[in-house]
Structure formats: structure tokens, C-alpha cells
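Contents: one structure, followed by commentary.
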Number of protein chains: 2
Amino acid sequence: MVLRASELTVGDSRDEVVVDNLTRTQIVQYAGASGDFNPLHTDDLYAREVAGYPGVFAHGMLGMGLLGKALTSWVGDGRLTSFGVRFRAQIWPGDTLTARLSVSALRTDEGVPYADITAVVVNQDGAEVIAGNATARLDP
Amino acid sequence: MVLRASELTVGDSRDEVVVDNLTRTQIVQYAGASGDFNPLHTDDLYAREVAGYPGVFAHGMLGMGLLGKALTSWVGDGRLTSFGVRFRAQIWPGDTLTARLSVSALRTDEGVPYADITAVVVNQDGAEVIAGNATARLDP
């Protein structure tokens, strides 16, 4: 699927539930896939008794990855040219996360159309856990 | 580990090999962890015969995740406040990827010290596959 500039308007948006009830297992899977085995994310005892957190929490990059998946699902493969985020709050096991994407600008650079997209992740309480921006190359 | 502003200078840098000989299996692991099962990344026949690529390639977000891991290893847990990248080139099975981090600025915001960090990923041929910037909160 490819987004066309001619079919897109500033303000066009899309919500996608990127994870429903995040499990500790998915966090462990992310540790294995990324090679980031910091026990804060996988060892509840360590997170609580050594680090003083209520328990394990997700890698920030897992949240960013889920947001990235929502972006590439929307704009198509190989169309995302830049992607940046701010990490606002932690992501916990049990969270249900929704990616909210919205076109903030449409522009042309050297004849190629691009969309700037506001991309945030909110949890089941409506709290923004990740706030970001992305740019995607469009078809005319 | 925590970085201290008093011990850091603009230009301080760190290289880390984040993956040595990326395997198709690690790409499949990333698909499972992120939920992004686009067959471009896991099905060689699809990638070649349907999509016209030489074969499967990694999710861009896997490369970004590996760079994020190098960043958090350096600046400490929960210290990364923002992180943005441009996707420059594809990452292929067999690639060996090095994260190159370098302090581009040191500054204070409302009394809190921060480092701006240039963060790129290069492959075994020296090609830049991801180019990014990050900001980390420091201790004084």
C-alpha cells in the first residue's frame, strides 16, 4: 500500500491499537530480538528490590518500535525517511497502547511529495507515553 | 551507570558493534517482538519474486533499536529523553553494524544538564545506514 499526496489532506489521521495488554513475555521477546538484556525489563525482583521500581517495564525502544510499525503500516514499506520521538513516560506490563498518527504538513522537496506526520502513543488511561514526528515519501 | 556532565566533553565518542553478522533468525525474532510480520523481512521468496528485492532485509526499526541499545548502554537507563533518525540504506542479513556515538553539545535546561549526541549506524563497508540524534539527561 502506498499513500498518494493527491489523496491526503493535512489533518488526516489514523488510530491503531499496537498492543492490547502488553505481556512480560513480549518484553522478553524484545530483549531477545534487540540484544538489550538489561534486567530492569525482564527481572521483576531486580526491578523492585535493586532498582526501586514497581516492577519490570518495557524498553522505551519497544514502544518506539510499535509506533514505527503503525507508521509503516500506514505509509507503506520503505517510505519512512525520518522518525524521532520523545520518551514521556514508562510502558508497563498490562498496558494497552494506541498509536495516533496525523498528517501535520504536506510538502514537496525537489519534486518529490512528502508528508510530515505527528505520531504519539497513548496508554489505556489516555496518558501520552511517546510523542514523535515522522516524515514519509509519498506517491504523487 | 550514569554519565556526569563534569566528566564529559564535546567530541567524546564511543563505538560499539551492535550486531556481528546479522542473521535472518534475529530479523524473525524482531518480527515476533514487534508484531511487524511484513513478509519482506522474513520470506525470501516473497522479497525476491513478489517485491523485487535481492532478498529479505531487516526492519528499519530493528536498526534503530540496536542504535538505541548502544545509546542507553552509554547514557544509562531512563536517561534518553529524545531520539530521532533518518533511514539511509537497507540493512541486510550478514551485515555487521557499528553504532558510532559522539557528544555534539553539552547544555543546561532549567538547571538540568543534558548532552546532545550524534548517533549513526555504519555497516561493514563503512556505509551509513542510519543517521540520528539523541538527547540524554546527565548528572551534574
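The values are calculated or read from the model by the stated rules, or taken from the named source; none is laboratory data. What you see is a predicted model; the values in this text were computed from it and never measured. Every residue, glycine as well, gets a Cβ built from its backbone with ideal geometry; the counts of neighbours run over all protein chains shown. Just the protein is used for accessible areas: all its heavy atoms, side chains included, with ligands, DNA and RNA removed. Shrake-Rupley method; radii C 1.70, N 1.55, O 1.52, S 1.80 Å.
In nm, one decimal, shortest first: how far is the label point of B:S6 (7 Å from Cα along Cα to beta carbon) from the matching points in the other copies?
Values, ascending and in nm: 6.4.
Counting only protein heavy atoms and using a 1.4 Å probe, what share of the accessible area of the protein assembly as shown belongs to carbon plus sulfur, as a whole percent?
46
List, shortest first and in nm to one decimal, how far the label point of A:G76 (7 Å from Cα along Cα→Cβ) is from its counterparts in the other copies.
Taking the point 7 Å beyond Cα along Cα→Cβ, the inter-copy spacings are 4.6 nm.
To the nearest 20 debye, what is the magnitude of the charge dipole of the protein assembly as shown about its Cα centre, counting +1 on the Cβ of each Lys and Arg and -1 on the Cβ of each Asp and Glu?
200
Modelling each spin label as a point 7 Å along the Cα-to-Cβ direction, I'd like the B:D44/A:D15 distance in nm, to one decimal.
Output for this residue pair reads 4.3 nm.
Quick one: dipole size for chain A, taken about the Cα centre, charges +1 on Lys/Arg Cβ and -1 on Asp/Glu Cβ, in debye to the nearest 20.
Rounded to the nearest 20 debye, it is 120 debye.
Run through all the Cα pairs of segment B:47-104 and give the fraction in each 5 Å bin from 0, expressed as whole percent.
Spelled out per bin, shortest first, that is 4, 14, 25, 21, 14, 10, 5, 5, 2.
Which ³J(HN,Hα) values in Hz, rounded to whole numbers, follow from the phi angles of segment A:62-72 under the Karplus curve 6.51 cos²θ - 1.76 cosθ + 1.60, where θ = phi - 60° and Gly and Pro get x?
5, x, 5, x, 5, 5, x, 5, 4, 5, 5
Tell me, for the rotation carrying A onto B, which chain A residue has the beta-carbon closest to the axis and what that distance is in whole Å.
Nearest residue, distance rounded to whole Å: A:G84, 1.
Name the long-range amide H neighbours of B:Q124: under 5 Å, sequence gap of 5 or more, or other chain; modelled H, no Pro or chain starts.
Those lying under 5 Å, H to H, from B:Q124 are B:T96.
Just name one of A:A127, B:Y30, B:G52: the one whose Cα is farthest towards the positive end of the charge dipole of the protein assembly as shown (beta-carbon charges, Lys/Arg +1, Asp/Glu -1).
Positive-end residue among those listed: A:A127.
Can you list the copy-to-copy distances for B:L106, using a point 7 angstrom from Cα toward Cβ, in nanometres, shortest first?
Result, one decimal in nm: 4.7.
Considering all projection directions equally, how large on average is the shadow of the alpha-carbon convex hull of segment B:21-140, in square nanometres?
Dividing the Cα hull surface by four gives the mean projection, 8.0 nm².
Can you give me the convex hull volume of the Cα atoms of the protein assembly as shown, divided per residue and expressed in Å³?
142
With a 1.4 Å probe and all protein chains in place, put B:Y30, B:Y114 in order of accessible area, largest first.
From most accessible down to least: B:Y114, B:Y30.
Accessible surface of B:W74 in the full protein assembly, 1.4 angstrom probe, to the nearest 10 Å²?
20
How many nm is it between the label spots at A:T96 and B:D139, if each spot is 7 Å from the Cα in line with the beta carbon?
In this crude spin-label approximation the distance works out to 4.1 nm.
Taking the Cβ of B:T42 as the center, what net charge do the other residues with Cβ under 12 Å away carry, scoring Lys and Arg +1 and Asp and Glu -1?
-2
Between A:D12 and residues 5 or more places away or on another chain, which pairs have amide H atoms under 5 Å apart, with H built 1.01 Å from N, and which residues are they?
A:V103
Provide B:V85, A:V10 ordered by accessible surface of protein heavy atoms (probe 1.4 Å), highest first.
A:V10, B:V85
Compute, for A:T72, the solvent-accessible surface of its heavy atoms (probe 1.4 Å) with the complete set of protein chains present, and express it in square angstrom to the nearest 10.
40
In segment A:51-100, what residues drop by 20 Å² or more of accessible area when the other protein chains are put back, versus the chain on its own? Use 1.4 Å, and skip ligands and nucleic acids.
By number: A:M61, A:M64, A:G65, A:K69, A:D77, A:L80, A:T81, A:S82, A:F83, A:V85, A:R86, A:F87.
Could you work out [θ]222 nm for the protein assembly as shown from helices alone, using -39500 (n - 2.57) per DSSP H run of at least four and dividing by all its residues? Round to the nearest 500 deg cm²/dmol.
So the helix-based figure for the protein assembly as shown works out to -6000 deg cm²/dmol.
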